Every structure is written in structure tokens, then in C-alpha cells.
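Worksheet for the structure shown next.
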Amino acid sequence: MKYTAKYFKESMPIWKRKKDPILSRIIYRKIAFYMAAACANCGISANAVSYFSTVVAIIACGCFFINMHTLHIIGAILINVWLILDCTDGNIARSVKSQPFGEFADGISSYILVGIMCTAMSVSTYYDGGVFVEEKSFWIIIVGALASSSDSLMRLIYQKYKNTERDMADKGIVKIENDKRTDHSQVGSFRVRVESELGIGGILPMAILLATLEKALDIIVIYCFAYYGISCILATTIYIKKAIKKTHEYDRL
């Protein structure tokens, strides 16, 4: 069978179309349909695309650490390429063949990108300056590092809660709640839409490219600090409250 972009477009589930951020639907996903067709016809698996996107993420972030504006622009372009690849592996997994550890391969790609990206962009801002930040202003690196740490910390807190909940459920102590973030019926909710539109799968890659061209990456770094920082605080609060609630329910038994 010879795969085409039309095949991937038509085989994409309705829930996934609704979940896609606006920019992904307009730009990235359309390119990814052609990329998925090329990869599938060459026998390249979804996991292979995911692992390749991890390499792209590392190179993209590495470009920002070097004091050369041209490399910063290349890094910003590669972040957009990463998003195309992120859409591509999903297209192949859904419409051609999924593989074991597909979720892992896809996940580490975004974890590595976001975990390094904010710090890398802050180093670039340190070299080039920005709209609000003068060159050699060290505090912007601290802000970038905190933004990166906030995203990683949020993921760790979520994973630790889910692992603990699963262990306790296996022992019959608690019941596992459905994770609404993976519930297809929730894709239209306001919270999910905000998460998808404002994060790395939404406006962020294009905003990074434009900001890099204009030497305005300080705005992106500060934005990421606020976005990931607030998300981390909210996630921590939510899961602590859930843990306390379930502890009280268990104590009443």
C-alpha cells in the first residue's frame, strides 16, 4: 500500500482533530500528513520518528547555548520542526502501526525539549539582550532555569501521585479516578483547550521563532516562567488536595 497525505488526513479521529491547537491544524498538522506519508512509505516507524525528534530537540536547545544569533534562529526553526515530527509520529501510530513503548518514545521527546528549552533560551537572551533585558543580565538565566524546573517538577509530581495511587489501588485501599486529560469527551473543555493552545504544542514554537528573529526572547522566557510556574503550583495544589481527601476517606473506613 502506498500511503498519501490524504490517507492520514481522512484517518485522523474526530476527537483528535478537535484536540489539535489552532496553529497545528493550520500549519503543523498539514505538513505532518505529508511527512507521515513519506515515512510510512519508507518503512520508518512511529517510534523511530519519536526518537529522531528527541535528537532534533537536543540540537535545537544546544543552538541557543552558543553565542551566535544565526544559531539561535536555527534552534528556533528546529523547535518548529520538532512539532511537525511530534504530529508525524502520532499520525503513523494511529493510522499505520503502533509499537510498544510508543507513549514513552513520544513522551521523552517533549520532556527533554521543554526541560532544556527555557534555560537555553535564557542563555541566548543573556547574549543578545531583549525587549526588557539588557545584554549580560544574569537574572534572566535564573528565570529560564526556574521555568524549565517548574515543568519538570510538575511532571514528577503528577507521575508520583499516579504511581502511588496505582500501588494503593492494587492493594484495594483506593479507587483510581479517570484521568480527564486523556478522556476524549474532555477535549473541548476550557482547561484542556488552554493547555493545548498555550503550550509547546500550540503557539509557543511559532512565538519562539518570531521572538528569536526580533531578539525578543526575554518575553518568551518570562512567559514560560509564568505559564509553567503557575501550572506547577496549580498541579501541586490539586494533587496534594486529592491525596489529603483520599487519606481522610481511608481513615473513615
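Details
- Filter result for residue 96 (open to solvent by 40 Å² or more (accessible area, probe 1.4 Å), over 15 Å from the mean Cα position of the chain (by Cα) and within 18 Å of residue 42 (Cβ to Cβ)): yes
- Taking the criterion of being touching a Gly at 6+ places or on another chain (Cβ under 6 Å) and open to solvent by 90 Å² or more (accessible area, probe 1.4 Å), the only residue of region 102-160 that qualifies is 135.
- Condition met for residue 24 (more than 20 Å from residue 111 (Cα to Cα) and among the polar types (S, T, N, Q)): no
- Filter result (under 16 Å from residue 113 (Cα atoms) and either open to solvent by 70 Å² or more (accessible area, probe 1.4 Å) or of a type in the set (D, E, K, R) (or both)) within region 213-229: 225
- Tally, over region 226-253, of residues that are of a type outside the set (D, E, K, R), assigned to a helix (DSSP H, G or I) and free of Cβ contacts under 8 Å to residues at least 12 places away in the same chain: 10
- Test for residue 241: is it open to solvent by 40 Å² or more (accessible area, probe 1.4 Å), over 21 Å from the mean Cα position of the chain (by Cα), modelled with pLDDT of 90 or more and on the phi > 0 side of the Ramachandran plot: no
- Taking residues in region 146-157 that are within 19 Å of residue 109 (Cβ to Cβ) and assigned to a helix (DSSP H, G or I), and partners anywhere that are at pLDDT 95 or above and among the polar types (S, T, N, Q), the pairs with Cβ atoms closer than 7 Å and at least 6 places apart or on different chains are 148/119.
- Filter result for residue 2 (open to solvent by less than 40 Å² (accessible area, probe 1.4 Å) and either of a type in the set (D, E, K, R) or without any contact (Cβ under 8 Å) to a residue 40 or more places away in the chain (or both)): no
- Being outside any helix (DSSP H, G or I) and surrounded by 15 or more Cβ atoms within 10 Å (Cβ to Cβ) is a description that applies to residue 44.
- Any hit, region 24-32, residues being open to solvent by 40 Å² or more (accessible area, probe 1.4 Å), under 20 Å from residue 198 (Cβ atoms) and not β-branched (Val, Ile, Thr): yes
- Set side by side, the residues 38, 48 differ, and just one is without any contact (Cβ under 8 Å) to a residue 40 or more places away in the chain and touching a Phe, Trp or Tyr at 6+ places or on another chain (Cβ under 9 Å), which is 38.
- Residue count for region 194-212 satisfying the condition of being part of a helix (DSSP H, G or I), open to solvent by less than 90 Å² (accessible area, probe 1.4 Å) and at pLDDT 90 or above: 8.
- When the test is whether a residue is β-branched (Val, Ile, Thr), open to solvent by 10 Å² or more (accessible area, probe 1.4 Å), at pLDDT 95 or above and under 19 Å from residue 11 (Cα atoms), residue 84 passes it.
- Pairs, first part of a helix (DSSP H, G or I) in region 54-73, second of a type in the set (S, T, N, Q) and open to solvent by less than 10 Å² (accessible area, probe 1.4 Å), C-beta under 8 Å, six or more apart: 54/109; 57/109; 64/124; 72/124; 72/212; 73/212
- Candidate set: region 10-30, residues that are at pLDDT 90 or above and basic (Lys, Arg); chosen: the one nearest to residue 203 (Cα to Cα): 29
The values are calculated or read from the model by the stated rules, or taken from the named source; none is laboratory data. The model shown is predicted, which means the values in this text are computed figures rather than measured ones. Methodologically, a virtual Cβ is constructed for each residue, glycine included, from the backbone with ideal geometry; neighbour enumeration extends over all protein chains shown. When the accessible area is computed, the model is the full protein with side chains, heavy atoms only, and any ligands, DNA or RNA have been set aside. Shrake-Rupley method; radii C 1.70, N 1.55, O 1.52, S 1.80 Å.
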